[in-house]
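Enquirer: Please read through the structure below; I'll follow up with questions.
The values are calculated or read from the model by the stated rules, or taken from the named source; none is laboratory data. Being a predicted model, the structure only gives us computed values, none of them experimental. Here the Cβ positions follow ideal geometry from the backbone for every residue, glycine too, while neighbour counts run over all protein chains shown. The protein model used for the area step is the full one, side chains on, heavy atoms only, and it has no ligands, DNA or RNA in it. Shrake-Rupley method; radii C 1.70, N 1.55, O 1.52, S 1.80 Å.
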Amino acid sequence: MAIIQSRTLRSRIIPLASENLVNVFITGNNATPFSNVSIREIGGNFFRVFNAATGINALINLFEVGSIDNAAGAGITPEVNSIDFRDRIIEFARVFTVDIYVPGLAAPFLSNVTIREVGSDYIRVTSTTLDQYIPFTSIAAIDQNLILLSTNTPTVTSRTIRSILITLANGDVVVDLIVAGRFFPSVQIDEVQSDYARINNAAQTKFPLLDIVSVDIF
């Protein structure tokens, strides 16, 4: 009979990491994008998984983990530390392009993007076709892929997603917004308050800032 204790998810993952390969499921996904991986690093609100054969080297947000399932084989004892998700992303941003996963999608939400800016509650990613802001609360996992040249070191700032919206509103920039399951294409941000914003569509739609999934700039 298993002994049920009140240890946190993080403390439960630490012994699991030293013993097993695992499959990691993201909340809302029926399939796992992270299978037969070893847990290599455990931070305050994330862990890092690795599989040399498939090239996976991913940061996974603890708050977005649906379940962790044992897989065959022995794991790797992790290097346990206390840095948080934001600080670790800054390190990833300096040398990698990444795939970004969000809850509810089995496939990456964005692929082969460069992290150009890390704010206090968001990241800005770019590719040849986009320039997009993504709140940390929307990120389920970040999987590194292509190693970049040293010239791609991002500018790291501490601005919040709210101040980004204010900047975009002041400049009359056209954006695509994804907000809590709704898509607003080609709109401008007309008003930004402490906890909500309003766009210039016919309905003058207001939405809470916490509902923002992404802001895609034209």
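Enquirer: Can you pull out the residues in the stretch 177-188 that are over 19 Å from the mean Cα position of the chain (by Cα), under 23 Å from Ile139 (Cα atoms) and open to solvent by less than 30 Å² (accessible area, probe 1.4 Å)?
Expert: The answer is Phe184, and nothing else.
Enquirer: Just one of the numbered conditions (1) modelled with pLDDT of 90 or more; (2) open to solvent by 20 Å² or more (accessible area, probe 1.4 Å); (3) under 17 Å from Glu117 (Cα atoms) is not true of Ser158; which one?
Expert: Unmet for Ser158, out of (1) modelled with pLDDT of 90 or more; (2) open to solvent by 20 Å² or more (accessible area, probe 1.4 Å); (3) under 17 Å from Glu117 (Cα atoms): (1).
Enquirer: Collect the residues in the stretch 71-90 that are modelled with pLDDT under 85 and either of a type in the set (S, T, N, Q) or out of contact with any strand residue (DSSP E or B) (no Cβ under 6 Å at 6 or more places or on another chain) (or both), keeping them in residue-number order.
Expert: Selection gives Ala72, Ala74, Thr77, Asn81, Ser82, Ile83.
Enquirer: In addition: Which residue, of Arg48, Arg86, is open to solvent by 30 Å² or more (accessible area, probe 1.4 Å), part of a helix (DSSP H, G or I) and either touching a residue at least 40 places away in the same chain (Cβ under 8 Å) or farther than 27 Å from Thr126 by Cβ (or both)?
Expert: Working: Arg48 fails: part of a helix (DSSP H, G or I).
Step by step, each of Arg48, Arg86 is checked, and only Arg86 is open to solvent by 30 Å² or more (accessible area, probe 1.4 Å), part of a helix (DSSP H, G or I) and either touching a residue at least 40 places away in the same chain (Cβ under 8 Å) or farther than 27 Å from Thr126 by Cβ (or both).
Enquirer: Given the criteria over 21 Å from the mean Cα position of the chain (by Cα) and modelled with pLDDT of 95 or more, does Ile199 qualify?
Expert: yes
Enquirer: Out of the stretch 51-60, which residues are open to solvent by less than 20 Å² (accessible area, probe 1.4 Å) and out of contact with any Ser or Thr (no Cβ under 9 Å at 6 or more places or on another chain)?
Expert: Ala58, Leu59, Ile60
Enquirer: Looking only at the stretch 99-123, count every residue that is more than 18 Å from Ile147 (Cα to Cα) and either open to solvent by less than 30 Å² (accessible area, probe 1.4 Å) or among the basic types (Lys, Arg) (or both) and tell me the total.
Expert: Result for the stretch 99-123: 6.
Enquirer: Being within 19 Å of the chain's Cα centre (by Cα) and either farther than 22 Å from Ile90 by Cα or at pLDDT 90 or above (or both), is that true of even one residue in the stretch 143-150?
Expert: Yes, the stretch 143-150 contains at least one residue that is within 19 Å of the chain's Cα centre (by Cα) and either farther than 22 Å from Ile90 by Cα or at pLDDT 90 or above (or both).
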